Amino acid sequence: MAENNVKIHVSHLKKSFGNLEVLKDVSVDVTQGEVVVVLGPSGSGKSTFLRCLNRLETITDGQVIVDGYDITDKKTDINKVRENIGMVFQHFNLFNNLNVMGNMILAPTELKKATKAEATANALKLLKRVGLLDKAEAYPSQLSGGQKQRVAIARALAMNPDILLFDEPTSALDPEMVGEVLQVMKQLASEGMTMVVVTHEIGFAREVASRVIFMEGGYIVEEGTPEEVLDHPKEARTIDFLSKVL
Amino acid sequence: MIRIITTYGGLLLTAMGQTLLLALCGLFFACILGLIFGLLSVLKNRVCNIVSIIFVDAIRGVPMIVLAFYIYFGMPALFNGLMGYNAVTLTALQAGTICLSLNCGAYMAEIIRAGIQSVDKGQMEAARSLGLPYWKAMYRVVLPQAIRTMIPSIINQFIITLKDTSILSVIGFPELVNTAKNVVANSFRTFEVWTIVAVMYLIIITVLSRVAKILERRLNRGRE
């Protein structure tokens with residue numbers, strides 16, 4: 001694996017909440033353009049793992065290097081690193097006090113990435129891409145779940161990140177809205193975006209993932225291509241999990 | 001009654017003006033104190049949290065009349081004892097403002113803390129995940145949402161503070177109650193004078209709370 005191709009390098013990551021050790025020893029590399037799907041039962045630590053990648057959770061031990069920045073190092077300007085890693089949340093987390101356009105241009109303008117005019121033009125382009133050009137003036141409370149999540153993805157893209165993290169992006173959606181969000185994610189994957197996706201959508205994993213990671217009990221139990229992990233799992237726990245969700 | 005109004009009306013109106021002046025001074029500094037200590041209590045920093053808790057508990061645990069005596073008589077006495085005669089003197093307005101802003105500030109801090117905590121954690125996380133620093137995220141995303149839920153409590157606190165100015169009659173500030181006492185002493189018309197005073201408070205506070213309601217409705221419009 002060529003070193004300069006590694007976007008995220010995680011080695012011996014540990015994370016505890018008080019006495020509860022959620023991540024026990026996780027090591028993984030994500031290379032440019034890879035779509036890594038993280039599967040696992042609830043409580044397996046997969047969301048915590050994802051949240052450690054942009055340090056929304058403080059890291060107890062181990063090393064996480066993103067884009068060449070060691071984010072476990074206290075001296076690293078985490079805000080600078082985060083500009084380059086977008087995150088999409090289960091509950092969308094659109095800013096309720098701002099309309100769609102306000103959501104899209106807040107970070108780029110506040111962080112002096114773009115003038116207001118540039119940010120607005122870029123936001124319109126992104127909204128068109130996720131099919132919500134007509135919602136630019138709407139407030140989050142006026143949108144459906146699927147629309148909110150597509151805006152959230154567009155908002156993350158507005159910072160022009162190299163990496164996108166998805167934390168169960170379709171888990172809070174009504175079933176008929178899952179498709180529209182997955183569609184946007186598929187499109188991003190095909191354009192070469194580096195993505196780490198925590199999800200329960202096995203179909204998405206099979207179709208889009210370049211690698212599937214199965215986590216349980218704070219460890220990576222099994223990883224490989226979708227065919228290897230989903231169709232020919234070797235570990236008993238993976239087989240057990242898949243038999244319940246498929 | 002008519003005679004009381006014509007004779008002492010001007011005096012009582014001036015006193016009402018002093019009451020409002022004191023309330024405004026107190027509220028202004030209370031908002032600043034409330035914001036500072038409210039923010040200290042939500043920071044992820046134990047020392048800041050403890051400082052805020054001590055401030056709020058200390059002020060809430062002391063009756064305002066005691067606080068007023070303490071600031072107006074106690075503090076200058078202490079400093080003068082340490083630094084010599086008349087080193088520190090406070091006017092009744094200064095002492096009253098300090099007293100009101102400390103008292104109201106402590107309650108405001110609690111309102112602001114609760115308001116910020118009522119905003120979903122995900123809002124801050126989303127803002128931070130985009131690379132916004134903590135204070136920018138707080139100022140642009142969390143506080144605007146918190147303020148909307150805080151408004152009814154803040155209005156309530158303003159009204160309480162306005163009424164609490166009457167306690168400061170004990171340190172001789174010429175606000176409404178203090179002036180009314182003098183009027184009673186002069187005229188011996190106890191019932192009439194206190195009726196007039198009560199109606200004056202009632203009118204001011206009713207008008208203020210109506211205005212606040214209209215403001216609140218206007219702020220919330222177009223958001224839902």
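The values are calculated or read from the model by the stated rules, or taken from the named source; none is laboratory data. Note that the coordinates shown come from a computational prediction; the quantities given were computed from them, not determined experimentally. Cβ placement follows ideal geometry from the backbone for every residue including glycine, while neighbour counts extend to all protein chains displayed.
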Legend entry - Top-ranked residue in region B:57-81 [being more than 20 Å from B:Thr161 (Cα to Cα) and surrounded by fewer than 14 Cβ atoms within 10 Å (Cβ to Cβ); ranked as modelled with the lowest pLDDT]: B:Gly81
Inset, instruction - Identify the single condition in (1) closer than 15 Å to B:Leu100 by Cβ; (2) crowded, with 16+ Cβ neighbours inside 10 Å that B:Lys163 does not satisfy, given that it satisfies every other one. - result: (2)
Inset, instruction - Answer yes or no: is there a residue in region B:48-56 that is surrounded by fewer than 13 Cβ atoms within 10 Å (Cβ to Cβ) and of a type outside the set (Lys, Arg). - result: yes
Inset, instruction - Quick one: A:Val35 ticks every box in (1) over 19 Å from the mean Cα position of the chain (by Cα); (2) under 30 Å from A:Gly146 (Cβ atoms) except a single one, so which number is it? - result: (1)
Inset, instruction - Among the residues of region A:106-128, write down those that are within 14 Å of chain B (Cβ to nearest Cβ) and either closer than 19 Å to A:Leu173 by Cβ or crowded, with 22+ Cβ neighbours inside 10 Å (or both). - result: A:Leu106, A:Ala107, A:Pro108, A:Ala123
Inset, instruction - Would you point out the residue of region B:142-153, among those that are more than 7 Å from chain A (Cβ to nearest Cβ) and among the polar types (S, T, N, Q), that is farthest from A:Leu164 (Cα to Cα)? - result: B:Ser153
Inset, instruction - Within region B:41-56, track down each residue that is in a helix (DSSP H, G or I) and farther than 24 Å from B:Asp164 by Cβ. - result: B:Val42, B:Arg46, B:Val47, B:Cys48, B:Asn49, B:Ile50, B:Val51
Inset, instruction - Could you tell me which numbered condition A:Ile78 fails, if it satisfies all but one of (1) within 30 Å of A:Ala205 (Cα to Cα); (2) touching a helix residue (DSSP H, G or I) at 6+ places or on another chain (Cβ under 8 Å)? - result: (2)
Legend entry - Wholly within region A:34-100, strands (runs of 3 or more DSSP E) carrying at least 1 residues that are at negative phi and within 13 Å of chain B (Cβ to nearest Cβ): A:61-66, A:85-88
Inset, instruction - Mind listing whichever residues of region A:187-200 are part of a loop (DSSP other than H, G, I, E, B) and either buried (at least 21 other Cβ atoms within 10 Å of the Cβ) or not acidic (Asp, Glu) (or both)? - result: A:Gly192, A:Met193, A:Thr199, A:His200
Legend entry - Output for region B:120-141, where each listed residue is within 27 Å of the chain's Cα centre (by Cα) and within 9 Å of another protein chain (Cβ to nearest Cβ): B:Arg140, B:Val141
Inset, instruction - Look at B:Ile116 and say whether it is within 21 Å of the chain's Cα centre (by Cα), farther than 30 Å from B:Ile4 by Cα and within 14 Å of chain A (Cβ to nearest Cβ). - result: yes
Inset, instruction - Considering only region B:80-101, state which residues are in contact with a helix residue (DSSP H, G or I) (Cβ under 7 Å, 6 or more places away or on another chain) and not in a helix (DSSP H, G or I). - result: B:Asn86, B:Ala87, B:Val88, B:Thr89, B:Leu90
Legend entry - A:Asp25, sole failed condition from (1) more than 9 Å from every other protein chain (Cβ to nearest Cβ); (2) within 29 Å of A:Glu216 (Cβ to Cβ); (3) surrounded by 20 or more Cβ atoms within 10 Å (Cβ to Cβ): (3)
Legend entry - Tally of residues being outside any loop (DSSP other than H, G, I, E, B), within 24 Å of A:Val36 (Cβ to Cβ), within 11 Å of chain B (Cβ to nearest Cβ) and out of contact with any helix residue (DSSP H, G or I) (no Cβ under 7 Å at 6 or more places or on another chain) across region A:138-177: 2
Legend entry - Close pairs (9 angstrom Cβ cut-off, 6 or more residues apart or separate chains): of a type in the set (D, E, K, R) in region A:9-23, loosely packed, with under 14 Cβ neighbours inside 10 Å anywhere: A:Lys14/A:Asp61; A:Lys15/A:Thr58; A:Lys15/A:Asp61
Legend entry - Test: A:Val181 is under 14 Å from the mean Cα position of the chain (by Cα), in a helix (DSSP H, G or I) and β-branched (Val, Ile, Thr): yes
Legend entry - Count of region A:1-21 residues which are farther than 12 Å from A:Val66 by Cα and crowded, with 21+ Cβ neighbours inside 10 Å: 2
Legend entry - Residue within region A:129-137 that is within 14 Å of another protein chain (Cβ to nearest Cβ) and surrounded by fewer than 20 Cβ atoms within 10 Å (Cβ to Cβ) present: yes
Inset, instruction - Mind telling me which of the residues A:Lys24, A:Lys75, A:Lys46 ends up being farther than 21 Å from B:Gly122 by Cα and in contact with a Gly (Cβ under 7 Å, 6 or more places away or on another chain)? - result: A:Lys24
